[in-house]
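*Asks:* I have a structure I would like to understand better, so I am pasting it below and will then ask my questions one at a time.
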Amino acid sequence: MTATRRNDLQWNQIRMVPILHNRVEFALEVRKVFDAFKPHHVAVEYPDTLKEKILAGVRRLPLLSVVTYEESDGAFVYLPLEPTDGQVEAIRLGLSAGLPVYFVDRDTEGYLPDFSPMPDAYAVTKIGHSAYCRVVMETERDDPASPDDLLREKTMAYHLQQLAETGERVLLVCGLSHARRILHCLNQPQTQVIGRRVRKGVDLAHLHGDSSREIMGEMPYLAAAYERGRSGPMEVDRLKIQMDLLRTAKEKYWKTTKETLGRSQIRILNRFARNYALLTGNLVPSFYQLIVAARGAVDDNFAYEVWEKGSDYPWQTEEPGLPVLRLEGEDLFLDQKRIRFHRQMKTLRTRLVPVPVRKKRRERRPGEWRKDFKGISICSYPPEDVAVEGYGHRLRKKALEIKTEENTRIEPFSSSLLDGLDIRETIREWVSGGTIYVREERPVKGKVGSVVVIFDPDYADADGREEFPWCVTWLGEHTQESDMAFYSTPAGEIMDGPGISRCQYGGFMLSYPPLRVYDIWRDPFFQFARNKPERLLMAALDYSLERHVVYVAASPPSGWCQSMAARLGKRIIYLPIGTFSPVTLKNIRQFHVLDGHHVRRYAREYIR
């Protein structure tokens, strides 16, 4: 027989599809090649001794199955069958088309799993399957094969040569690490390798729901999206599925905590996950990296929602018709990482002995409080005013400390100790010269007046929609309270009690002393502001009685605002918002709007 290679992955009428097991990009490639090649036979890298149980498990999909058997040394082998595996997809396609399916691998005992690092499978969607395989096969050209691998590859080559004699098209799906050596063996006459022909004690079990959250090769949410796509146009992109997962988790997070996520938080989450993936040599974050990013950018409650939704495989059932098997990552030698959630939960019991208490009033019908909220004579909740005012004082103090530190001059001791020894610089330079350093603290000219905090710049999207459209200016009610201007979520949308609406700041400005600030959102003097953060900063510069203005945000103020501050004789002290505690920011950002001063009498019963 004459061997002719038409391309890198084809030998005579045999078309090879090398895959990475349990990667959705390769399962998609199998479908694509199957439709284009239109084979008469399908061959997969499974031993013929497991054929009956594997076919039964594939027919049960989307229900998850595990083929189990015991080796001669007493070790149990577990073979999960998942929809995102390329071999499983090839079998499903072959069965649905009525084609014969051949199991051409050798039954090998004691075969160790291969965890060799491979390029990210997502690269297949960018450079193509052929280029990906060609690069990997060329890289592994000089890697020695184990004796077991050589026997397996000779066995597969022998069976493929037998199929090639029919002269019909054969589609082979096998592991990428075997592809190059199988092609080499096909160019040489092969004899049947001695090996096991029959295996007894092979069973088929249903995988338990808890185990599917732990051991599936792909994220269950992604596997479910792939399974749904099989019945229609197949457009499964790993990045898009992850974004869809975050949107679903965001909705569940709002239902459980009544808190919304800002676009800046989602942006930080995506950047965190992307950088984490790049640090580990991948293009797309894994499920674990996505959960860690969710916890870092938001909190443990949101990370839990991402895990709960992402690990849910919807086709689990309590009556599978097979024995149910529980597996852990250790059973399959998976390199897993454990993550523990510290969720904030409501207190279930406040007293050991129940005492009669007056129950809080509930809505008689859904939406009653929201309908009754008029918003004509609104006011704030005083304890939250105290918290915001205290946070403003803290920002002013911190800004002064930073400016004082910048004005401090350190010099070698000559004749005066000035403001004292600088221990840090003295120790640092002691080894080189034994010089004593002193510091001179020059006072900062001027004090800090207004404070601006920007949680989310809230730029309008292409349709002009804004996440924090409610723009208000409040005047201080007494001499210890500042005037305040802010933009936030609308009052009256989320109700915590009768006449009590919960809102979230997008940004705010504090200016002291009170009763001076006109409505900055209507003041034409600030009409040149290009967005809401700039308008708040312009108002802070204009109304500040002191020289310095504190600006806390993710990005520094624009050059246009800096030049305006210079013309007014003011200076902007920029503090990155990332340097402050996210827990404190989260507490400060949430506030309540009361529908009239009379609501203050009972508001504490509804506001935690």
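*Asks:* Could you list, in sequence order, the residues of the range 98-121 that are closer than 23 Å to LEU28 by Cβ, open to solvent by 50 Å² or more (accessible area, probe 1.4 Å), assigned to a loop (DSSP other than H, G, I, E, B) and touching a residue at least 40 places away in the same chain (Cβ under 8 Å)?
*Replies:* Scanning the range 98-121 gives ASP114, SER116, PRO117, MET118.
*Asks:* Same structure again: Can VAL66 be described as assigned to a helix (DSSP H, G or I), crowded, with 20+ Cβ neighbours inside 10 Å and β-branched (Val, Ile, Thr)?
*Replies:* Numbers: assigned to a helix (DSSP H, G or I): no; crowded, with 20+ Cβ neighbours inside 10 Å: yes; β-branched (Val, Ile, Thr): yes.
No: the conditions fail for VAL66.
*Asks:* Can I ask one more? Of all residues in the range 117-175, which are more than 34 Å from the chain's Cα centre (by Cα) and aromatic (Phe, Trp, Tyr)?
*Replies:* Of everything in the range 117-175, just one residue is more than 34 Å from the chain's Cα centre (by Cα) and aromatic (Phe, Trp, Tyr), namely TYR158.
*Asks:* Something else about it: Pairs, please: C-beta under 8 Å, at least 6 apart or cross-chain, first residue under 18 Å from LEU20 (Cα atoms) and open to solvent by 80 Å² or more (accessible area, probe 1.4 Å) and in the range 137-162, second part of a loop (DSSP other than H, G, I, E, B) and aliphatic (A, V, I, L, M)?
*Replies:* Within 8 Å, no pair qualifies.
*Asks:* OK, next. Would you mind stating whether LYS532 is within 22 Å of PRO490 (Cα to Cα), open to solvent by 70 Å² or more (accessible area, probe 1.4 Å) and out of contact with any helix residue (DSSP H, G or I) (no Cβ under 6 Å at 6 or more places or on another chain)? Walk me through how you get there before you give the answer.
*Replies:* Working: within 22 Å of PRO490 (Cα to Cα): yes; open to solvent by 70 Å² or more (accessible area, probe 1.4 Å): no; out of contact with any helix residue (DSSP H, G or I) (no Cβ under 6 Å at 6 or more places or on another chain): yes.
In short, no.
*Asks:* Across the range 193-213, what is the total count of residues that are within 13 Å of LEU325 (Cα to Cα) and either in contact with a Phe, Trp or Tyr (Cβ under 8 Å, 6 or more places away or on another chain) or of a type outside the set (A, V, I, L, M) (or both)?
*Replies:* The qualifying residues number 7.
*Asks:* Moving on. Within the range 367-476, which helices (runs of 4 or more DSSP H) (wholly inside it) include 2 or more residues that are over 30 Å from GLU605 (Cα atoms) and open to solvent by less than 40 Å² (accessible area, probe 1.4 Å)?
*Replies:* 382-407, 423-433
*Asks:* Further question: Every residue in the range 20-30 that is closer than 16 Å to LEU222 by Cβ and aliphatic (A, V, I, L, M), please.
*Replies:* Those that are closer than 16 Å to LEU222 by Cβ and aliphatic (A, V, I, L, M): LEU20, VAL24, ALA27, LEU28.
*Asks:* Still on this model: Could you list, ordered by first residue, the pairs with Cβ atoms under 6 Å in which the first is in the range 587-608 and open to solvent by 10 Å² or more (accessible area, probe 1.4 Å) and the second is in a helix (DSSP H, G or I) and modelled with pLDDT of 90 or more, at least 6 apart or interchain?
*Replies:* Final answer for the pair search is ILE588/TYR391.
*Asks:* Every residue in the range 86-96 that is in contact (Cβ under 8 Å) with a residue 12 or more places away in the chain and either open to solvent by 10 Å² or more (accessible area, probe 1.4 Å) or in a strand (DSSP E or B) (or both), please.
*Replies:* Of everything in the range 86-96, those that are in contact (Cβ under 8 Å) with a residue 12 or more places away in the chain and either open to solvent by 10 Å² or more (accessible area, probe 1.4 Å) or in a strand (DSSP E or B) (or both) turn out to be ARG92, LEU93, LEU95.
The values are calculated or read from the model by the stated rules, or taken from the named source; none is laboratory data. Please read these numbers as outputs of a predicted model, since none were measured by experiment. Cβ: placed from backbone, ideal geometry, glycine included. Neighbour counts: every protein chain shown. To get the accessible areas, we keep the full protein, side chains included, count just its heavy atoms, and leave off ligands, DNA and RNA. Shrake-Rupley method; radii C 1.70, N 1.55, O 1.52, S 1.80 Å.
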